[in-house]
Amino acid sequence: MRLCFHILILAFAVIVQASQVSMWSPTFTLKGTLDTLTTGVHDFQNTQGPLELIVTPTPFNPTTRIQLRNIDAKKATQMAIYNVNGQRVCDFSKEIAKNITEIVWAPQSITSGVYVVRLVSGRNAINKKIVYMK
């Protein structure tokens, strides 16, 4: 009876541990001996820090200042402003390509409302909501 009880508890513990494994858990293939294990995980040092997009002030009239920080010059970088319908209102990609990191935007032919500044650099993207008031 006692042996049967321990086997039942052990079986329950194995089932609980197996059910806690999620679908996104990383798996590693181990190669080599116990002294040298290769896992396929590479060290990554980001010396620049995270990509930043700073927009001040918001709400704004007549201008707003857009600052870009930690842009990697090796990656293709684009920045544009969109209205709430997803239409591109202004594109600053040419300025970004010239390594300009601060832009003063003075919209002239747009209506008051909510706009989105979108910065894309490589695989990273940042969206910031801004409000233009006439």
* To do: For residues that are exposed (fewer than 12 other Cβ atoms within 10 Å of the Cβ), touching a residue at least 40 places away in the same chain (Cβ under 8 Å) and among the aliphatic types (A, V, I, L, M), tally how many sit in the stretch 55-80.
  => 1
* To do: Considering only residues that are in contact with a Pro (Cβ under 9 Å, 6 or more places away or on another chain) and either closer than 13 Å to TYR115 by Cβ or in a loop (DSSP other than H, G, I, E, B) (or both), look in the stretch 61-92 and name the one that is modelled with the lowest pLDDT.
  => ASN70
* Could you please let me know if VAL116 is exposed (fewer than 12 other Cβ atoms within 10 Å of the Cβ), among the hydrophobic types (A, V, I, L, M, F, W, C) and assigned to a strand (DSSP E or B)? => no
* Answer yes or no as to whether ALA106 is more than 17 Å from the chain's Cα centre (by Cα) and over 18 Å from VAL55 (Cα atoms). => no
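The values are calculated or read from the model by the stated rules, or taken from the named source; none is laboratory data. The model shown is predicted, which means the values in this text are computed figures rather than measured ones. Cβ atoms come from the backbone with ideal geometry, glycine included; neighbour counts cover every protein chain shown.
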